[in-house]
Structure formats: C-alpha cells, structure tokens
C-alpha cells in the first residue's frame, strides 16, 4: 500500500516561537473561558471574590456582560487563532480584517489584535474598577508576550503568503 503522506523533508518545520505563541494564546483562552463562565454563572461576582462595588464606575450593573465578552473575545477567539497558527487554514473570508492581506496570513494579524485587545481590556478594567491586582499584571504580561512573540522574525516569516 503506497504511503500518501508527503516526505518529511517537504513538510515545513514549525519554528519553536510559533509553538510558544500557540501556548500563549491557549493560556489566555483557558483563563478567559474559566473567568467568563464563572462570571456568567454568578453575575454578582461573589464566587470570584469580586464585590458588585467594583462596578460602581462602570455602566454595568452585574458581571454578566463582561463575562460574555471575556468568554467570547479572549476565550473563544484565541482558541481559533491558536488553531490558525498551527494549521494555517485558508481563511479567505477573514482577509477583510487583515491589513496585511497582500503579504501575511490573517491569523498573524489576529494574533496582534488579541495582544493589543488584551492590553486595552486590562487598561479599561483597571480604570473602571479603580484598582490593580496581581492577576491584571499577569495578563498584561501575557498580552505583551503575545505581541512580542508575534513580531519575532521567525513567526512573521512563517505566515508570509507564497
């Protein structure tokens, strides 16, 4: 029976930095899915030790909407991006959101969007809640790591269009 798989030498090697970037997106996704689900199930925030008083400077009356946003934007979207970083699928419909469409795969731009979006999310969160926690600092570091690794030449070159 003939082997239909391409020879190992013809399969492009994925740089370590891309695996690292995938791991960073998965860490963000898992944390956001956990936090988002907890906020959706307990919009009062008591199960996470977040009193409703934290929302006084916001336009939210409960943590339900922030939980939905957290789950979808920083939970599900990074999972999709992690998949895209690994498999490089043909995402022609995503090209509309890719400012680098002439030269780079849209997943590379989406990785940048997630990093910048996470920075904005934490900045708005700390302003609206008028507090800073160790967790917010950790997620700021995670966002910066996603941005730095996305911009590495070995990662960028992996997503050039041929």
Exercise for the section: Scan (1) in a loop (DSSP other than H, G, I, E, B); (2) in contact with a helix residue (DSSP H, G or I) (Cβ under 9 Å, 6 or more places away or on another chain) for the single condition residue 13 breaks and write down its number. Expected result: (2)
Exercise for the section: Tell me which residues, restricted to segment 87-114, are within 15 Å of residue 155 (Cα to Cα) and free of Cβ contacts under 8 Å to residues at least 60 places away in the same chain. Expected result: 87, 100, 103, 104, 105, 106, 107, 108, 109, 110, 112
Exercise for the section: Please indicate, with yes or no, whether at least one residue in segment 128-146 is more than 21 Å from residue 50 (Cα to Cα), touching a strand residue (DSSP E or B) at 6+ places or on another chain (Cβ under 9 Å) and touching a residue at least 24 places away in the same chain (Cβ under 8 Å). Expected result: no
Handout entry: Scan of segment 110-122 for residues that are crowded, with 20+ Cβ neighbours inside 10 Å and over 15 Å from residue 71 (Cα atoms), ordered by number
Key = 110, 111, 115
Practice task
State whether one or more residues within segment 52-66 are over 28 Å from residue 161 (Cβ atoms), touching a helix residue (DSSP H, G or I) at 6+ places or on another chain (Cβ under 8 Å), buried (at least 21 other Cβ atoms within 10 Å of the Cβ) and touching a residue at least 24 places away in the same chain (Cβ under 8 Å).
Solution key: yes
Practice task
Report yes if some residue within segment 38-49 is out of contact with any strand residue (DSSP E or B) (no Cβ under 8 Å at 6 or more places or on another chain) and in contact (Cβ under 8 Å) with a residue 40 or more places away in the chain; otherwise report no.
Solution key: no
Practice task
Return yes or no: is residue 82 touching a helix residue (DSSP H, G or I) at 6+ places or on another chain (Cβ under 7 Å), farther than 19 Å from residue 135 by Cα and surrounded by 14 or more Cβ atoms within 10 Å (Cβ to Cβ)?
Solution key: yes
Problem - helices (runs of 4 or more DSSP H) completely within segment 52-162 that count 2 or more residues being closer than 23 Å to residue 15 by Cα and within 15 Å of the chain's Cα centre (by Cα) - result: 77-87, 106-129, 134-151
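Every read-out reported here was derived from the displayed coordinates using simple, explicitly stated rules and does not represent laboratory data. Values in this document were obtained by computation on a predicted structure and should not be read as measured data. All Cβ positions, glycine included, derive from the backbone under ideal geometry; neighbour counts span all protein chains shown.
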